[in-house]
1. Which residues, counting only those in segment 80-127, are at pLDDT below 95 and surrounded by 22 or more Cβ atoms within 10 Å (Cβ to Cβ)?
2. Check off (1) within 23 Å of residue 210 (Cα to Cα); (2) in contact with a helix residue (DSSP H, G or I) (Cβ under 9 Å, 6 or more places away or on another chain) for residue 154 and give me the number that stays unchecked.
3. Report, by residue number, each residue of segment 235-252 that is in contact with a strand residue (DSSP E or B) (Cβ under 7 Å, 6 or more places away or on another chain) and either in contact (Cβ under 8 Å) with a residue 12 or more places away in the chain or assigned to a strand (DSSP E or B) (or both).
4. Where the second residue is assigned to a helix (DSSP H, G or I) and buried (at least 24 other Cβ atoms within 10 Å of the Cβ) and the first is at negative phi and in contact (Cβ under 8 Å) with a residue 24 or more places away in the chain and lies in segment 80-104, which pairs have Cβ atoms under 6 Å and are six or more apart or on separate chains?
5. Going by the conditions given, is residue 140 over 21 Å from the mean Cα position of the chain (by Cα), in contact (Cβ under 8 Å) with a residue 12 or more places away in the chain and within 28 Å of residue 44 (Cα to Cα)?
6. What's the total number of residues in segment 150-161 that are over 22 Å from residue 55 (Cα atoms) and surrounded by fewer than 21 Cβ atoms within 10 Å (Cβ to Cβ)?
7. Give segment 51-73 a look and list any residue that's part of a strand (DSSP E or B) and surrounded by fewer than 19 Cβ atoms within 10 Å (Cβ to Cβ), or say none.
8. Check 180, 223 and return the single one that is assigned to a loop (DSSP other than H, G, I, E, B), under 30 Å from residue 57 (Cβ atoms) and touching a helix residue (DSSP H, G or I) at 6+ places or on another chain (Cβ under 9 Å).
């Protein structure tokens, strides 16, 4: 007997654990309860993958991440077999890293989840155009603000939202996923100017337009499921999450605040050849909180030029519990 391939894909999940996306670079805090992944639908409500009390930031045994003001910091994640959505990056003082309001008031950048990555086989249209499997690394760069004093401990927040094809369902969207990385800012040019949040569009489906492919909602907070948590049932993998969040067609558009209305996508042929505009970045004002030198932040080595890098140490490998859809 031959089962439909989509059914086989879902059935294969019975022996796996839930883990759909996570920050990989700079090294995230990680967590134990959810195997390193922080999914709102599974009960991990952010704003980070682990609270600051569980951060290893103060440990003398864990390498620190040092960055300079004005540095272009690379932020990375793996596609982990799921298409579409947005990534939001925000930066706050470490002491405020348990505060959702602080992150919402200090957004640096929005970009597409598939900003420079895509499916392994572009011709695999089983779940829609360019929606096939693939674990390619994805990344973007964000500028470290210049209004941060030397020797300040900060926390970078990463959010993925608006992703689609939940467990082989092309019309179903994922909830939100969170990750945070702690680092120390020291050196580089300084300024009192507050940074602006910007949006850099363009993804594997719409490489030449300032939009992203997404499902459900383009607004952070619409798919966090509030205070609700799942009620897992033994032997029922899907009961471990409240997902899917929203059912509906694949969309294209900009994040909330940058959009003038989102529309259903064109046909596959139109989408793949979309070249209506350059991938320019729009900007909108973002309120930036006051940074103060963190008294408990580790001292920056005297040879900080050699120690100040995008990443110090070895990033954690993505969860091995992840399978296709």
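The values are calculated or read from the model by the stated rules, or taken from the named source; none is laboratory data. Quick caveat, the model's predicted, so the values are computed rather than measured. Quick reminder, even Gly has a Cβ in these numbers, built from the backbone with ideal geometry, and neighbours come from all protein chains shown.
1. 80, 82, listed by residue number.
2. Unmet for residue 154, out of (1) within 23 Å of residue 210 (Cα to Cα); (2) in contact with a helix residue (DSSP H, G or I) (Cβ under 9 Å, 6 or more places away or on another chain): (1).
3. Keep residues of segment 235-252 that are in contact with a strand residue (DSSP E or B) (Cβ under 7 Å, 6 or more places away or on another chain), which gives 239, 241, 243-252.
241, 243, 244, 245, 246, 247, 248, 249, 250, 251, 252 - these are the residues of segment 235-252 that are in contact with a strand residue (DSSP E or B) (Cβ under 7 Å, 6 or more places away or on another chain) and either in contact (Cβ under 8 Å) with a residue 12 or more places away in the chain or assigned to a strand (DSSP E or B) (or both).
4. Filtered contacts from segment 80-104: 90/103; 92/103.
5. Numbers: over 21 Å from the mean Cα position of the chain (by Cα): no; in contact (Cβ under 8 Å) with a residue 12 or more places away in the chain: yes; within 28 Å of residue 44 (Cα to Cα): yes.
Taking the combined requirement at face value, the residue does not satisfy it.
6. Within segment 150-161, the first condition is being over 22 Å from residue 55 (Cα atoms), and the residues that meet it are 161.
Cutting the leftovers down to surrounded by fewer than 21 Cβ atoms within 10 Å (Cβ to Cβ) gives us none.
The qualifying residues number 0.
7. Quick first cut of segment 51-73, residues part of a strand (DSSP E or B) only: 66-67, 72-73.
72, the sole residue that qualifies.
8. Working: 180 fails: assigned to a loop (DSSP other than H, G, I, E, B).
Answer to the check: 223.
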